[in-house]
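The values are calculated or read from the model by the stated rules, or taken from the named source; none is laboratory data. Quick caveat: nothing in here was measured; it's all calculated off a predicted structure. Neighbour counts run over all protein chains shown; Cβ positions are idealised from the backbone, glycine included.
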Amino acid sequence: MRRIIALTAITMLIVSTVSVFAAGRGEAARDDAVSVMVFERGQVPSHRGTLQENQWVDWMREQSGVNLSFVPVPRWEVLQTLNPMFAAGTAPDVISDFSRDNIASFHAQGVLAPLDDWIEQYSTSLRQYLADNPTLDPFLRFGEDGQKFAVATMRPLDTLANHLLWVRQDWLDELGLDVPRTEEEFFAVADAFVTQDPNRTGTNDTFAFVDGHPLEGMIHAMYMAGSNSIWFVDDREIYHSRTSERLVDYFRFYQLANERGWIDPELITDRQFDRQNQLWVTGRAGMYFGQWGPPRFSELRANDPNARLTPIGAISTRHGTNGWFQEPPPERFVAFRHDIPNPQAAIQYLDWLVDEGWFNLVYGFEGEQHGIDEATGIPVWRISSDERRDLMFTGDYVILRPARFHPEQFILGAPDDPFEQELAQLRTDALVEQISFRFRRDTPMNPTMPELLTFYDEFNPVFDDIQFEVSMGRLTPEAAYRQVQSEWNRLGGPRVQAMVQDWFDQNQSVWASVDWQIDLLSLLEQ
Amino acid sequence: MSTRSGELNTVIIDGAPVLRPRKLPLKTRLYRDRYLLMLLLPVLVFYVIFRYVPMYGLVIAFKDFRLVDGILGSQWAGLTHIERMFRSEHFFRIVRNTVLLNVYQLLFQFPAPIVLAILINEMRSKTLKRGVQSLLYVPHFISWVVMGGIIITILSPSTGIVNRILTQNFGIRPIFFLADRTWWVIVFIFSGIWKSAGWGTILYLAAITNIDPQLYEAAIIDGAGKFRQIWHITLPGLSTTIGILLILNVGGFMEVNFEQIFILQNQAVMRVADVIPTFVYRAGLLGAQFSYTTAVGFFQSIVGLILIWSTNRIIKALGGSGLF
């Protein structure tokens, strides 16, 4: 009996010790192995395998000649996932993100590798691409010595355009109103949508607009005020968007929206915007603050066959006309972990992506998934939209792509169905409308010094409180603005303002030397 | 076991000689119990590796931690993070909210399972009792994400069932419970009770079954009614369990269930709903301010330790049996 107890005890001891130590050591990496982060959106159909292993991954290994492995990272939890991975030393060799701020945060933590030398030494296609697109340059440099810590390709036009305001044209026609273009007209339309029963149900069951997620950012753009991260420059003076005097009108908008019932008060608990979208598709709201893709148009049309939409590219205020949000030129920022074992292989993979890999990953193969339109040379889908959804996941492997966008693509690719044709036309119009107004961006990126972030931790909650009070009508917009000013000064705003001014003065000459502000309309004409 | 007789010693207790086992030298005892100790070893290893070693990570509260330098390699920062913490207005707000929500929880959520356990215990029908118990356990198994969705839906001012009843039957104007700072706190506490009270009855019910039935019989003979029985027998019988659970509860005093509060909070109530865990999540995991948020977490643990220790002392001073 004693023997058995002793044996059990010893076995348990050994097992626990071994497993503890084994957990600490990873597998020895093969010489040419490269691990690449890929966004996990749960889009891989089960019969296609997993995001880590499927026929496309095999194809990529074969074509690029690099021993690739993929590490899925949930699309909306990049920081929550990668920060602990970096701390534990298990982060992938190659990471990528759409957000420059996230990459800057990793850079500040010292976990990224400078790329200039490796690009110079190993790269062919990517090096050429970066040389041909100097617009990207200021966005890829980080830190005081301005080394390149990331690479990127230019966004095609359809991803440069982002937010857009939509209005129910049939409601406007019903009430005899024009498409609003100014703040005054917008307010008049909003009032009419709430009080004049535009959906003809006999009750006042409508809201002027709903939030498809970007409402707050769009009001920031409309008034050029209120954003928690944007800084503006007037006459070489840089100032935070929450200290501008335009803030008064920004606050007034929120106050009116609540006071006059333009917006559903339950937006505040509707954090996934389900209820807002429900109001929209059931025809209980006249405007939609969303993206440039027509919002839930097929559902809306199914509920209300008369529904017609018009996109609005900007609402002018007395402070001027500012377009809705447009992305900066770089698409995905691709960076290497600071101790990446095989930078050469990683560069080889990126070169292959830029060269040819991206095209098949986006469009599939010619003759199978797509054909080439003879007149324009544009790839056109040969498969149904359901089959396309089945292949959507391959797009997330494409961290670099020198893609161009052609607006004809919508019409050429649309199935021969009146609704689909109408939708394609609407998408084309919406994109043109979006890029017809320039989104004001005075610096290529936002400042991110640690003192500033510490200040934001104190200031932002206070600002949010004030904004909430003014929205509820407990403060006048003017009083709220004075309160914001005094809180800004009290919490040390002037000190960080001076630091940001220094940062601006130092970088301004570099930024001025490249044309980082691209003219979107000129891209359309190319 | 021939040595047994040699292990007895004579000691004087209360003026009378008593035979007591003689204390053997440590070495002998270790050798004698070697197999039992070996069985204990994996547990000790677990605690050392997963509960004590990670504590060295606390030093980053006194360093400027960067991911690349690691815990040991980062530069020392002295007390800058602690200073920033105590100078920060926002810090006091999150501490105040954390403390207040916990006081409310202690006042309302802690006694709920006790009351519930006594009520269940007094039920006559065995079948009904079991059914009620099972039903009460259900919310424990629903995740907060789902619970949050249910709560937001039923409390909606336009479509929620609660407001419909209030409007139609009592003529009260709809209340937006989750956007009102007072109501939100009440909803927060009640949702906690809803989810945990049923499950919490398990320990109390187990303690009640341990109470000697003869006590109840004697009480009935003496003419005690149900309430007298509960007051003089059930509650005193539960006092030890209540005491221990109270200590454990107070130990977690500075913690708030992250999932619960993260799912229920919104912009309108941040003034009362922003607490230490949600701040640590925002500033630490999202904002990469690892050192500062570690300092905040450290503060939280120290307060928790002080509270658990003092509650234990108070309970002992009141004549109860403490935890340690």
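With a cut-off of at least 3 residues that are loosely packed, with under 15 Cβ neighbours inside 10 Å, name the helices (runs of 4 or more DSSP H) lying wholly within segment B:220-319.
The qualifying helices (runs of 4 or more DSSP H) are B:226-229, B:235-251, B:290-317.
What pairs can you find where one residue is in segment A:170-195 and free of Cβ contacts under 8 Å to residues at least 12 places away in the same chain, the other is among the small types (Gly, Ala, Ser), and their Cβ atoms are less than 8 Å apart, with a gap of 6+ or different chains?
Qualifying pairs under 8 Å: none.
Considering only segment A:266-278, I want to know if a residue exists there that is within 25 Å of A:THR195 (Cα to Cα) and in a loop (DSSP other than H, G, I, E, B).
For segment A:266-278, residues within 25 Å of A:THR195 (Cα to Cα) and in a loop (DSSP other than H, G, I, E, B): present.
Can you pull out the residues in segment A:154-177 that are among the polar types (S, T, N, Q) and under 30 Å from A:VAL334 (Cβ atoms)?
A:THR159, A:ASN162
Looking only at segment A:392-403, decide whether some residue is at pLDDT 90 or above, under 30 Å from A:TRP231 (Cβ atoms) and within 27 Å of the chain's Cα centre (by Cα).
Looking for residues that are at pLDDT 90 or above, under 30 Å from A:TRP231 (Cβ atoms) and within 27 Å of the chain's Cα centre (by Cα), one finds at least one in segment A:392-403, hence yes.
In the set A:ARG275, A:ARG284, A:ARG260, which member is of a type in the set (D, E, K, R) and at pLDDT below 95?
Criteria check complete, one pass: A:ARG275.
Just checking, does segment A:429-438 include any residue being out of contact with any helix residue (DSSP H, G or I) (no Cβ under 6 Å at 6 or more places or on another chain) and within 14 Å of another protein chain (Cβ to nearest Cβ)?
No, there is no match, as no residue in segment A:429-438 is out of contact with any helix residue (DSSP H, G or I) (no Cβ under 6 Å at 6 or more places or on another chain) and within 14 Å of another protein chain (Cβ to nearest Cβ).
Restricting the search to segment A:453-488, which residues are farther than 22 Å from B:ALA273 by Cβ and not in a helix (DSSP H, G or I)?
Hit for segment A:453-488 is A:THR476, nothing else.
Yes or no: A:ASP132 away from chain B (no Cβ under 14 Å), touching a residue at least 60 places away in the same chain (Cβ under 8 Å) and acidic (Asp, Glu)?
It is false that A:ASP132 is away from chain B (no Cβ under 14 Å), touching a residue at least 60 places away in the same chain (Cβ under 8 Å) and acidic (Asp, Glu).
Can you tell me which residue within segment A:226-240, out of those that are assigned to a loop (DSSP other than H, G, I, E, B) and without any contact (Cβ under 8 Å) to a residue 40 or more places away in the chain, is farthest from the chain's Cα centre (by Cα)?
A:ASP235
I'd like to verify a number: residues in segment B:166-207 that are in contact (Cβ under 8 Å) with a residue 24 or more places away in the chain, part of a helix (DSSP H, G or I) and within 14 Å of chain A (Cβ to nearest Cβ), how many?
Qualifying residue count, segment B:166-207: 7.
Looking only at segment A:22-45, which residues are closer than 30 Å to A:ARG389 by Cβ and modelled with pLDDT under 85?
Listed by number, the residues that qualify are A:GLY42, A:GLN43.
Which of the residues that make up segment B:67-93 are farther than 30 Å from A:ARG490 by Cα and out of contact with any His (no Cβ under 7 Å at 6 or more places or on another chain)?
Residues satisfying the conditions are B:LEU67, B:ASP69, B:GLY70, B:ILE71, B:LEU72, B:GLY73, B:SER74, B:GLN75.
Looking at segment A:60-79, I want the residues that are touching a residue at least 24 places away in the same chain (Cβ under 8 Å) and within 14 Å of chain B (Cβ to nearest Cβ) and have a partner that is among the aliphatic types (A, V, I, L, M) and part of a helix (DSSP H, G or I) with Cβ atoms under 6 Å, at least 6 apart or on another chain. Which pairs are those?
A:LEU79/B:LEU286
Please tell me if A:ASP416 is closer than 30 Å to A:ASN306 by Cα and either within 14 Å of chain B (Cβ to nearest Cβ) or outside any helix (DSSP H, G or I) (or both).
Criteria met by A:ASP416.
Of the conditions (1) assigned to a helix (DSSP H, G or I); (2) modelled with pLDDT under 95; (3) more than 30 Å from A:ARG427 (Cα to Cα), A:THR135 satisfies every one except a single condition; which number is it?
(3)
Do we find a residue being in a loop (DSSP other than H, G, I, E, B) and crowded, with 16+ Cβ neighbours inside 10 Å anywhere in segment B:132-149?
For segment B:132-149, residues in a loop (DSSP other than H, G, I, E, B) and crowded, with 16+ Cβ neighbours inside 10 Å: absent.
Of all helices (runs of 4 or more DSSP H) completely enclosed by segment B:26-120, which ones contain at least 1 residues that are within 30 Å of B:ALA207 (Cα to Cα), more than 9 Å from chain A (Cβ to nearest Cβ) and not acidic (Asp, Glu)?
Answer list for segment B:26-120: B:34-47, B:89-104.
Take the conditions within 14 Å of chain A (Cβ to nearest Cβ) and among the small types (Gly, Ala, Ser) and apply them to B:ALA224. Does it pass?
Spelling it out, it is not the case that B:ALA224 is within 14 Å of chain A (Cβ to nearest Cβ) and among the small types (Gly, Ala, Ser).
With respect to A:THR448, determine if the residue is of a type in the set (S, T, N, Q), part of a loop (DSSP other than H, G, I, E, B) and away from chain B (no Cβ under 14 Å).
So A:THR448 fails the test.
Give the residue that is farthest from A:THR203 (Cα to Cα), with candidates limited to residues of segment A:265-296 that are in contact with a strand residue (DSSP E or B) (Cβ under 7 Å, 6 or more places away or on another chain) and surrounded by fewer than 19 Cβ atoms within 10 Å (Cβ to Cβ).
Ranking the qualifying residues of segment A:265-296, first place goes to A:PHE273.
Okay, residues lined up against (1) modelled with pLDDT of 90 or more; (2) of a type outside the set (Val, Ile, Thr):
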position	(1), (2)
B:LYS23	no, yes
B:ARG34	yes, yes
B:LEU44	yes, yes
B:VAL48	yes, no
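For (1) over 21 Å from the mean Cα position of the chain (by Cα); (2) under 30 Å from A:PRO138 (Cα atoms); (3) free of Cβ contacts under 8 Å to residues at least 40 places away in the same chain, each residue gets a yes or a no:
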| site | (1), (2), (3) |
| --- | --- |
| A:ILE435 | no, yes, no |
| A:ARG441 | no, yes, no |
| A:PRO450 | yes, yes, no |
| A:TYR456 | yes, yes, no |
| A:PRO461 | yes, no, yes |
| A:PHE468 | yes, no, yes |
| A:MET472 | yes, no, no |
| A:PRO477 | yes, no, no |
| A:ALA480 | yes, no, no |
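Can you work out which of the residues in segment A:300-350 that are assigned to a helix (DSSP H, G or I) and assigned by TED's automatic domain parsing to the domain that holds A:LEU112 is surrounded by the most Cβ atoms within 10 Å (Cβ to Cβ)?
In this case the residue turns out to be A:LEU350.
Name every residue in segment A:241-275 that is under 22 Å from the mean Cα position of the chain (by Cα), within 14 Å of chain B (Cβ to nearest Cβ) and in contact (Cβ under 8 Å) with a residue 12 or more places away in the chain, in order of residue number.
Listed by number, the residues that qualify are A:LEU267, A:PHE273.
Can you tell me which residues in segment A:82-108 are within 14 Å of chain B (Cβ to nearest Cβ), touching a helix residue (DSSP H, G or I) at 6+ places or on another chain (Cβ under 7 Å) and not in a helix (DSSP H, G or I)?
The answer is A:ALA91, A:ILE95, A:ASP97.
Kindly provide the set of residues from segment B:274-283 that are more than 9 Å from chain A (Cβ to nearest Cβ) and either within 12 Å of A:PRO461 (Cα to Cα) or of a type in the set (Val, Ile, Thr) (or both), ordered by number.
Matches in segment B:274-283: B:VAL275, B:ILE276, B:THR278, B:VAL280.
Would you be able to say whether some residue in segment A:399-414 is within 29 Å of A:VAL151 (Cβ to Cβ), among the β-branched types (Val, Ile, Thr) and crowded, with 19+ Cβ neighbours inside 10 Å?
yes
Considering A:ASP117, A:ASP93, which residue is of a type in the set (Asp, Glu) and more than 22 Å from A:PRO138 (Cβ to Cβ)?
Every option except A:ASP93 fails the conditions.
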